[in-house]
Each structure stands twice: as C-alpha cells, then as structure tokens.
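First up is the structure itself, then whatever we jot down about it.
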Amino acid sequence: MAGKEKFNNNVLIKNKKASFDYEFIETFTAGLVLTGTEIKSVRLGKASLVDTYCVVERGEVWVKNMYVAEYFYGTYNNHAARRDRKLLLNRKEIRKIASEIKNTGFTVVPTKLFINDKGLAKVVIAVAKGKKEYDKRQSLKERDDKREIARSFRK
C-alpha cells in the first residue's frame, strides 16, 4: 500500500445535550472547512459541540459557536476558538434544510463530529424540533428504566 495511508482516528465528539433538548427529524452528514491548526486540534479531540447551531445564509450552511481549542504548537497561525465554520453539503441538501427550518420551531443542530476513514472531519447535523418539558421528563424516565433493567440482568 505505497502512498495510501490508513488513518486510525477514533475521534467522536457528541452533542449529548442536543438529543435531550431536541427531537431529531432528519440527519445529514456534512464536510467541515477547517484550517490546519483546527484539524490538528480536532484530531486530538479538543473540540466541543455544546451550544452550537447551524444557519443557512446565501445558499451556504454555517456552524456557529463551535468550540475548537487552539492548537498547542500553533504560533501566530493559530485560529480563533469559536469562529464560524462552513459546512460542505450538496445544493439539494441545502435547499431541503432551508425549506424545513422555515417552519416555526425547527432548527439545525450538530450532533456528532468525527474523522472519517480518509482523515477528513465530518459533522452529522440534524433538523430538529424542540422538546417540551414533558417530553424531556419522558426521556429521563425511559433512560432510568433502561438503566434499571440493565442492573437487574447483571445480578
């Protein structure tokens, strides 16, 4: 395998709060435009999807408020930690997302950030609808029930 390098990156950054606060309607996998120091920080697992969201502006999808820590060895080339980052999607997917979020109560949230087999950063985004308070309580109850069942089988 001369020239072909296998990447063994087990980077998987999840947005657990998003699955609690939102009900996912549809998901998309998108590429992420990053600078050199940003991809190095992501490969080290130094990123967070907490409080991030996506917007569609002028036919492009952008991730807002995504945290990527500054690279330790980056000098004056280092990036801003919370800058807007462009997502790479097909026009058809962008149009579909834009039409779905025009409805009130719908938003686009990133759910996972990972490195694929080719070594590229990918983001899974979801068109989501906010959960009501009673839906959140139901989610907590289901999670506790699953945990209780798992405990009873271990004994």
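Each of LEU140, ALA98, TYR73 was scored by the projection of its Cα onto the charge dipole of region 31-155, and the greatest displacement toward the positive side belongs to LEU140; charges sit on the C-beta of Lys, Arg, Asp and Glu. Sequentially through region 73-80, phi angles give Karplus couplings (6.51, -1.76, 1.60; θ = phi - 60°) of 8, x, 9, 5, 7, 4, 9, 6 Hz, Gly and Pro residues having no value and appearing as x. Heavy-atom accessible area with a 1.4 Å probe sorts THR35, THR75, THR104, THR111, largest first, into THR104, THR75, THR35, THR111.
The distance between label points at PHE72 and GLU133 comes to 4.5 nm (points 7 Å beyond Cα on the Cα→Cβ vector).
Answer rounded, prolate or oblate for the chain, using the Cα gyration tensor with square roots of eigenvalues a ≥ b ≥ c: rounded when a/c is under 1.5, else prolate when a/b is larger than b/c, else oblate. Numbers along the way, then the final one.
Working: a/c = 1.91, a/b = 1.28, b/c = 1.49.
Oblate, since a/c reaches 1.5 and b/c is not below a/b.
Which of the three applies to region 112-155, rounded, prolate or oblate, going by the alpha-carbon gyration tensor with a ≥ b ≥ c and a/c under 1.5 meaning rounded? Please list the in-between numbers first.
On the way: a/c = 6.88, a/b = 1.47, b/c = 4.67.
It is oblate, given that a/c is not under 1.5 and a/b is not larger than b/c.
Spin-label pair ARG151-VAL50: with each label point 7 Å from Cα along the Cα-Cβ axis, the two points sit 2.6 nm from one another.
With the cut-off at 27 Å, tell me which of the pairs LYS118/LYS146; LYS14/LYS132; LYS86/LYS129 have Cα atoms farther apart than that. Could the numbers behind the result be given before it?
On the way: LYS118/LYS146 36 Å; LYS14/LYS132 22 Å; LYS86/LYS129 22 Å.
In this structure, LYS118/LYS146 exceed 27 Å between Cα atoms.
For the pair TRP62 and PHE20, label points projected 7 Å from Cα toward Cβ lie 2.9 nm apart. Considering only alpha-carbon pairs that sit under 8 angstrom and 6 or more positions apart, the relative contact order computed for the chain is 32 percent. Protection proxy ranking of 121-127, 47-53, by the mean of other Cβ atoms within 10 Å over each peptide's residues and highest first, is 121-127, 47-53.
Let me make sure I get this right: for region 75-155, a, b and c are the square roots of the gyration tensor eigenvalues over alpha carbons, sorted descending. Under 1.5 in a/c it's rounded, otherwise prolate if a/b > b/c, else oblate. Which is it? Oblate shape, in that a/c is at least 1.5 and b/c is the bigger or equal ratio. Amide H to amide H distances under 5 Å link THR111 with VAL124, ILE125, ALA126, where only residues 5 or more positions off or on other chains count and H is placed in the peptide plane.
The values are calculated or read from the model by the stated rules, or taken from the named source; none is laboratory data. This one's a predicted model, so the numbers in the text were calculated from it and none came from an experiment. Glycine also receives a Cβ, built like all others from the backbone with ideal geometry; neighbour counts cover every protein chain displayed. The accessibility values were calculated without ligands, DNA or RNA, using every heavy atom of the protein model including side chains. Shrake-Rupley method; radii C 1.70, N 1.55, O 1.52, S 1.80 Å.
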